[in-house]
Amino acid sequence: MTTAIDPYAEAQPARGVRFLAALNPLAKIAGPLPAMITLVFVRDLRTPLVFLLLAYAVLLIGARLSGRMLALLLLGVPAAIIVVGVGFSVWTDAARVDQSLVVLQMGGWTLYGGALAVGFATALRLGAIATLALIGGLTTTGPDLVRSLVQQLRVPYRVGYTALAAFRFVPRFGYELEVIRQAHRVRGAHGGRGPVAAVARWAGYVVPLLAGAIRHAERVALAMDSRAFGAYPTRTERHLVPLRARDLVFVLLFWAATATVLLSPFWPSV
(Lines give C-alpha, C1' and ligand atoms only; values in the text may rest on other atoms or scores of the structure.)
Protein backbone atom coordinates (compact mmCIF):
# COMPACT_ATOMS: atom_id res chain seq x y z
CA MET A 1 0.00 0.00 0.00
CA THR A 2 1.38 3.40 -0.99
CA THR A 3 1.13 6.10 1.67
CA ALA A 4 0.91 9.81 0.99
CA ILE A 5 3.80 12.03 1.99
CA ASP A 6 3.21 15.55 3.18
CA PRO A 7 5.89 17.73 1.53
CA TYR A 8 5.12 20.59 3.90
CA ALA A 9 5.82 18.59 7.04
CA GLU A 10 9.13 19.14 8.76
CA ALA A 11 11.68 16.65 7.49
CA GLN A 12 12.87 14.06 9.97
CA PRO A 13 16.52 13.00 9.97
CA ALA A 14 17.10 9.78 8.13
CA ARG A 15 17.52 6.73 10.31
CA GLY A 16 21.09 6.28 11.51
CA VAL A 17 22.41 9.36 9.72
CA ARG A 18 25.19 11.25 11.47
CA PHE A 19 26.28 14.88 11.33
CA LEU A 20 25.68 15.44 7.60
CA ALA A 21 21.91 15.22 8.10
CA ALA A 22 22.03 18.07 10.63
CA LEU A 23 23.77 20.46 8.24
CA ASN A 24 21.98 23.05 6.14
CA PRO A 25 21.43 21.75 2.58
CA LEU A 26 23.13 24.79 1.09
CA ALA A 27 26.27 24.12 3.17
CA LYS A 28 26.45 20.59 1.73
CA ILE A 29 26.30 22.11 -1.76
CA ALA A 30 28.65 25.06 -1.17
CA GLY A 31 31.36 22.96 0.50
CA PRO A 32 32.10 20.49 -2.35
CA LEU A 33 31.22 22.95 -5.15
CA PRO A 34 34.74 24.44 -5.67
CA ALA A 35 36.20 20.93 -5.81
CA MET A 36 33.61 19.84 -8.37
CA ILE A 37 34.30 22.90 -10.54
CA THR A 38 38.04 22.29 -10.30
CA LEU A 39 37.66 18.68 -11.43
CA VAL A 40 36.18 19.87 -14.72
CA PHE A 41 39.50 21.47 -15.67
CA VAL A 42 42.21 19.24 -14.18
CA ARG A 43 43.82 16.52 -16.29
CA ASP A 44 46.16 14.72 -13.87
CA LEU A 45 45.51 11.53 -11.91
CA ARG A 46 46.41 12.73 -8.43
CA THR A 47 43.86 15.54 -8.02
CA PRO A 48 40.66 13.56 -8.80
CA LEU A 49 41.96 10.59 -6.79
CA VAL A 50 42.50 12.75 -3.70
CA PHE A 51 39.08 14.40 -4.08
CA LEU A 52 37.48 10.98 -4.50
CA LEU A 53 39.10 9.76 -1.28
CA LEU A 54 38.04 12.98 0.48
CA ALA A 55 34.43 12.46 -0.60
CA TYR A 56 34.59 8.85 0.62
CA ALA A 57 35.93 9.96 3.99
CA VAL A 58 33.19 12.56 4.48
CA LEU A 59 30.44 10.10 3.49
CA LEU A 60 31.73 7.21 5.60
CA ILE A 61 32.27 9.42 8.66
CA GLY A 62 29.30 11.75 8.26
CA ALA A 63 26.53 9.36 7.21
CA ARG A 64 25.57 5.88 8.34
CA LEU A 65 24.92 4.38 4.94
CA SER A 66 22.61 1.50 4.15
CA GLY A 67 24.12 -1.79 3.03
CA ARG A 68 23.06 -1.18 -0.56
CA MET A 69 24.57 2.30 -0.68
CA LEU A 70 27.74 1.09 1.02
CA ALA A 71 28.09 -1.63 -1.61
CA LEU A 72 27.52 0.95 -4.34
CA LEU A 73 30.28 3.17 -2.97
CA LEU A 74 32.81 0.48 -2.17
CA LEU A 75 32.18 -1.81 -5.13
CA GLY A 76 30.03 -0.07 -7.74
CA VAL A 77 31.94 3.19 -8.04
CA PRO A 78 35.41 1.55 -8.29
CA ALA A 79 34.08 -0.96 -10.82
CA ALA A 80 32.56 1.86 -12.89
CA ILE A 81 35.82 3.80 -12.76
CA ILE A 82 37.75 0.77 -14.00
CA VAL A 83 35.32 0.10 -16.85
CA VAL A 84 35.16 3.75 -17.92
CA GLY A 85 38.92 4.17 -17.55
CA VAL A 86 39.68 1.18 -19.74
CA GLY A 87 37.09 2.32 -22.28
CA PHE A 88 38.61 5.79 -22.57
CA SER A 89 42.08 4.28 -22.72
CA VAL A 90 41.17 2.07 -25.66
CA TRP A 91 39.69 5.00 -27.57
CA THR A 92 42.57 7.39 -26.88
CA ASP A 93 44.45 8.38 -30.02
CA ALA A 94 47.67 6.32 -30.02
CA ALA A 95 49.55 9.09 -31.83
CA ARG A 96 49.21 11.30 -28.72
CA VAL A 97 50.83 8.78 -26.36
CA ASP A 98 53.12 6.68 -28.56
CA GLN A 99 56.17 7.95 -26.66
CA SER A 100 55.02 6.32 -23.43
CA LEU A 101 55.55 2.78 -22.12
CA VAL A 102 53.89 -0.06 -24.05
CA VAL A 103 51.51 -1.91 -21.73
CA LEU A 104 49.85 -4.37 -24.13
CA GLN A 105 50.34 -5.26 -27.76
CA MET A 106 47.99 -7.43 -29.80
CA GLY A 107 48.83 -7.72 -33.48
CA GLY A 108 48.85 -4.21 -34.90
CA TRP A 109 47.12 -2.69 -31.86
CA THR A 110 49.12 -1.27 -28.96
CA LEU A 111 47.95 -0.01 -25.58
CA TYR A 112 50.28 2.62 -24.16
CA GLY A 113 50.71 3.68 -20.57
CA GLY A 114 49.89 7.25 -21.57
CA ALA A 115 46.51 6.10 -22.89
CA LEU A 116 45.76 4.42 -19.55
CA ALA A 117 46.73 7.64 -17.74
CA VAL A 118 44.37 9.69 -19.93
CA GLY A 119 41.53 7.19 -19.59
CA PHE A 120 41.75 6.78 -15.84
CA ALA A 121 42.20 10.52 -15.27
CA THR A 122 38.87 11.05 -17.03
CA ALA A 123 37.19 8.19 -15.16
CA LEU A 124 38.48 9.41 -11.80
CA ARG A 125 37.21 12.93 -12.52
CA LEU A 126 33.73 11.61 -13.27
CA GLY A 127 33.75 9.35 -10.21
CA ALA A 128 34.98 12.13 -7.93
CA ILE A 129 32.35 14.60 -9.14
CA ALA A 130 29.57 12.04 -8.68
CA THR A 131 30.77 11.06 -5.20
CA LEU A 132 31.11 14.68 -4.09
CA ALA A 133 27.54 15.28 -5.24
CA LEU A 134 26.40 12.38 -3.04
CA ILE A 135 27.53 14.25 0.08
CA GLY A 136 24.46 16.43 -0.14
CA GLY A 137 22.29 14.11 -2.20
CA LEU A 138 22.24 11.23 0.28
CA THR A 139 21.48 13.35 3.36
CA THR A 140 19.19 16.10 2.08
CA THR A 141 15.47 15.97 1.35
CA GLY A 142 13.89 17.92 -1.48
CA PRO A 143 11.59 19.93 0.80
CA ASP A 144 14.47 20.99 3.04
CA LEU A 145 16.49 22.09 0.03
CA VAL A 146 13.59 24.18 -1.23
CA ARG A 147 13.06 25.72 2.21
CA SER A 148 16.73 26.66 2.49
CA LEU A 149 16.65 28.22 -0.98
CA VAL A 150 13.68 30.33 0.07
CA GLN A 151 15.00 31.25 3.51
CA GLN A 152 18.71 31.79 2.84
CA LEU A 153 18.96 32.63 -0.87
CA ARG A 154 15.67 34.57 -1.01
CA VAL A 155 14.23 32.55 -3.85
CA PRO A 156 10.62 33.83 -4.26
CA TYR A 157 8.39 31.69 -2.10
CA ARG A 158 5.88 31.48 -4.95
CA VAL A 159 8.48 29.48 -6.88
CA GLY A 160 9.81 27.49 -3.94
CA TYR A 161 6.54 26.34 -2.49
CA THR A 162 5.15 25.55 -5.90
CA ALA A 163 8.09 23.15 -6.16
CA LEU A 164 7.15 21.72 -2.77
CA ALA A 165 3.65 21.10 -4.07
CA ALA A 166 5.20 19.25 -7.01
CA PHE A 167 6.90 16.85 -4.58
CA ARG A 168 3.43 15.78 -3.51
CA PHE A 169 2.72 14.58 -7.04
CA VAL A 170 5.37 11.85 -6.93
CA PRO A 171 3.86 9.57 -4.23
CA ARG A 172 0.38 10.39 -5.50
CA PHE A 173 1.29 9.18 -8.98
CA GLY A 174 2.53 5.93 -7.48
CA TYR A 175 -0.71 5.45 -5.58
CA GLU A 176 -2.91 6.28 -8.57
CA LEU A 177 -0.87 4.01 -10.85
CA GLU A 178 -1.41 1.11 -8.47
CA VAL A 179 -5.16 1.83 -8.36
CA ILE A 180 -5.30 1.87 -12.17
CA ARG A 181 -3.38 -1.41 -12.37
CA GLN A 182 -5.75 -3.08 -9.92
CA ALA A 183 -8.77 -1.79 -11.85
CA HIS A 184 -7.37 -3.19 -15.10
CA ARG A 185 -6.66 -6.56 -13.51
CA VAL A 186 -10.20 -6.76 -12.09
CA ARG A 187 -11.67 -5.98 -15.52
CA GLY A 188 -9.33 -8.34 -17.32
CA ALA A 189 -8.03 -5.59 -19.58
CA HIS A 190 -4.74 -5.89 -21.47
CA GLY A 191 -4.05 -9.46 -20.44
CA GLY A 192 -1.35 -11.66 -21.84
CA ARG A 193 2.40 -11.80 -21.72
CA GLY A 194 5.26 -10.56 -23.80
CA PRO A 195 6.54 -7.14 -24.85
CA VAL A 196 3.47 -6.29 -26.95
CA ALA A 197 1.12 -6.95 -24.03
CA ALA A 198 3.35 -4.91 -21.71
CA VAL A 199 3.32 -1.93 -24.09
CA ALA A 200 -0.47 -2.23 -24.41
CA ARG A 201 -0.88 -2.26 -20.63
CA TRP A 202 1.29 0.84 -20.18
CA ALA A 203 -0.59 2.62 -22.96
CA GLY A 204 -3.78 1.94 -21.06
CA TYR A 205 -2.31 3.48 -17.91
CA VAL A 206 -1.23 6.75 -19.53
CA VAL A 207 -4.61 8.38 -20.21
CA PRO A 208 -6.21 7.85 -16.75
CA LEU A 209 -2.94 8.78 -15.04
CA LEU A 210 -2.71 11.99 -17.06
CA ALA A 211 -6.35 12.81 -16.33
CA GLY A 212 -5.76 12.29 -12.61
CA ALA A 213 -2.69 14.54 -12.72
CA ILE A 214 -4.65 17.34 -14.39
CA ARG A 215 -7.45 17.07 -11.82
CA HIS A 216 -4.98 17.13 -8.95
CA ALA A 217 -3.12 20.14 -10.39
CA GLU A 218 -6.40 22.00 -10.74
CA ARG A 219 -7.35 21.28 -7.12
CA VAL A 220 -3.94 22.46 -5.90
CA ALA A 221 -4.18 25.68 -7.94
CA LEU A 222 -7.68 26.43 -6.61
CA ALA A 223 -6.57 25.74 -3.03
CA MET A 224 -3.57 28.05 -3.37
CA ASP A 225 -5.71 30.83 -4.88
CA SER A 226 -8.35 30.49 -2.15
CA ARG A 227 -5.63 30.92 0.49
CA ALA A 228 -4.27 34.06 -1.24
CA PHE A 229 -0.98 32.33 -1.94
CA GLY A 230 1.37 34.82 -3.59
CA ALA A 231 -0.67 37.86 -2.65
CA TYR A 232 2.03 39.18 -0.30
CA PRO A 233 5.76 39.69 -0.91
CA THR A 234 6.78 37.59 2.12
CA ARG A 235 5.28 34.83 4.23
CA THR A 236 5.77 33.44 7.72
CA GLU A 237 7.75 30.21 7.69
CA ARG A 238 6.30 27.27 9.56
CA HIS A 239 9.43 25.13 9.37
CA LEU A 240 12.83 26.80 9.58
CA VAL A 241 16.05 25.43 8.09
CA PRO A 242 18.62 27.67 9.80
CA LEU A 243 22.17 28.37 8.73
CA ARG A 244 24.28 27.73 11.84
CA ALA A 245 27.93 28.17 12.75
CA ARG A 246 28.58 24.47 12.18
CA ASP A 247 27.43 24.87 8.58
CA LEU A 248 29.97 27.63 8.01
CA VAL A 249 32.67 25.54 9.68
CA PHE A 250 31.89 22.61 7.35
CA VAL A 251 32.07 24.86 4.27
CA LEU A 252 35.33 26.50 5.36
CA LEU A 253 36.95 23.17 6.21
CA PHE A 254 35.96 21.74 2.83
CA TRP A 255 37.29 24.81 1.04
CA ALA A 256 40.53 24.56 3.01
CA ALA A 257 40.88 20.89 2.05
CA THR A 258 40.26 21.80 -1.60
CA ALA A 259 42.91 24.52 -1.50
CA THR A 260 45.36 22.13 0.16
CA VAL A 261 44.88 19.55 -2.58
CA LEU A 262 45.39 22.12 -5.32
CA LEU A 263 48.24 24.12 -3.83
CA SER A 264 50.28 21.52 -2.00
CA PRO A 265 53.84 21.46 -3.44
CA PHE A 266 54.66 18.15 -1.76
CA TRP A 267 52.49 15.88 -3.92
CA PRO A 268 53.90 15.26 -7.38
CA SER A 269 51.43 15.38 -10.24
CA VAL A 270 50.90 12.17 -12.18
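Residue pairs whose Cβ atoms lie under 9 Å apart, sitting 6 or more positions apart in sequence or on different chains, and linking a residue in region 231-253 that is in contact (Cβ under 8 Å) with a residue 24 or more places away in the chain to a partner that is surrounded by fewer than 11 Cβ atoms within 10 Å (Cβ to Cβ), are His239/Ala9.
Give the residue that is modelled with the lowest pLDDT, with candidates limited to residues of region 219-270 that are of a type in the set (Val, Ile, Thr) and outside any loop (DSSP other than H, G, I, E, B). Break it down into steps so the answer makes sense when it comes.
Of region 219-270, the ones of a type in the set (Val, Ile, Thr) are 220, 234, 236, 241, 249, 251, 258, 260-261, 270.
Keeping just the survivors that are outside any loop (DSSP other than H, G, I, E, B) gives 220, 249, 251, 258, 260-261.
Values: Val220: 78, Val249: 95, Val251: 95, Thr258: 94, Thr260: 92, Val261: 90.
It comes out as Val220.
Closer than 26 Å to Gly76 by Cβ, in a loop (DSSP other than H, G, I, E, B) and modelled with pLDDT of 85 or more, is that true of Thr139? So Thr139 passes the test. For the structure I just gave you, tell me whether Arg96 is loosely packed, with under 13 Cβ neighbours inside 10 Å, at pLDDT below 80 and part of a helix (DSSP H, G or I). Judged against the criteria, Arg96 is a match. The residue of region 61-78 that is farthest from Arg43 (Cα to Cα), among those that are surrounded by 11 or more Cβ atoms within 10 Å (Cβ to Cβ) and among the small types (Gly, Ala, Ser), is Ser66. Among residues of region 38-79 being hydroxyl-bearing (Ser, Thr, Tyr) and under 17 Å from the mean Cα position of the chain (by Cα), the one that is farthest from Phe254 (Cα to Cα) is Ser66.
In region 6-30, of all residues being in contact with an Asp or Glu (Cβ under 9 Å, 6 or more places away or on another chain) and at pLDDT 90 or above, the one that is surrounded by the fewest Cβ atoms within 10 Å (Cβ to Cβ) corresponds to Ala30.
Given the options Arg147, Arg168, Arg125, Arg154, name the one that is out of contact with any helix residue (DSSP H, G or I) (no Cβ under 9 Å at 6 or more places or on another chain) and either surrounded by 15 or more Cβ atoms within 10 Å (Cβ to Cβ) or modelled with pLDDT of 80 or more (or both).
Working: Arg147 fails: out of contact with any helix residue (DSSP H, G or I) (no Cβ under 9 Å at 6 or more places or on another chain); Arg168 fails: out of contact with any helix residue (DSSP H, G or I) (no Cβ under 9 Å at 6 or more places or on another chain); Arg125 fails: out of contact with any helix residue (DSSP H, G or I) (no Cβ under 9 Å at 6 or more places or on another chain).
After applying the criteria, what remains is Arg154.
The values are calculated or read from the model by the stated rules, or taken from the named source; none is laboratory data. Please read all numbers here as calculations on a predicted model, not as lab measurements. So basically every Cβ, Gly included, is an ideal-geometry build from the backbone, and we count neighbours across all protein chains shown.
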